[in-house]
Amino acid sequence: MSNLAELIAQKEALEKRIADAQNHERAAAITQIKQLMNRYGLTLADLGARASKAGTAKAGSRKGSKVPVKYRDPASGNAWSGRGLQPKWLQAALAQGRQLSEFAV
């Protein structure tokens, strides 16, 4: 029976072989896709996709997208999307008896 160090070494070697095989298959798939795109004159726009750096963007990802403003103070121009905690300027105005609907955009 193998000792722990031998088993860990075997596991690391197997993980490297798996990663190498995945990289090889991925490269082959990319080559095949590029060939098909060239053959049929397809672009990324035809596929409904956007080019991403290193292919890490997920479909439907909204990270970094802006949320439209729902509330704005006409006097100061301060705005709030309605998400997260109410900003201090809005809390102060509501404490003075104003209504949230007065700030709706």
Handout entry: Alpha carbon Rg of region 61-105, scaled by the compact-globule rule 2.2 N^0.38 Å
Key = 1.23
Practice task
Please tell me the relative contact order of the chain in percent, rounded to the nearest whole number, where contacts are Cα pairs under 8 Å and at least six residues apart.
Solution key: 15
Problem - 10 Å Cβ shell holding at most 11 others, DSSP loop, trypsin sites (Lys or Arg not before Pro): longest site-free stretch of the chain - result: 1-49
Completion exercise
If every Lys and Arg gets +1 and every Asp and Glu gets -1 at its Cβ, then about the Cα centre the chain yields a dipole, in debye to the nearest 20, of 420
Exercise for the section: For residue 78, enumerate residues with amide H under 5 Å from its amide H, sequence gap 5+ or separate chain, H modeled in the peptide plane. Expected result: 73
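Every number in this text was worked out from the coordinates using simple rules, so none of it is lab data. Note that the structure is predicted; figures quoted are calculated from it, not measured. Glycine also receives a Cβ, built like all others from the backbone with ideal geometry; neighbour counts cover every protein chain displayed.
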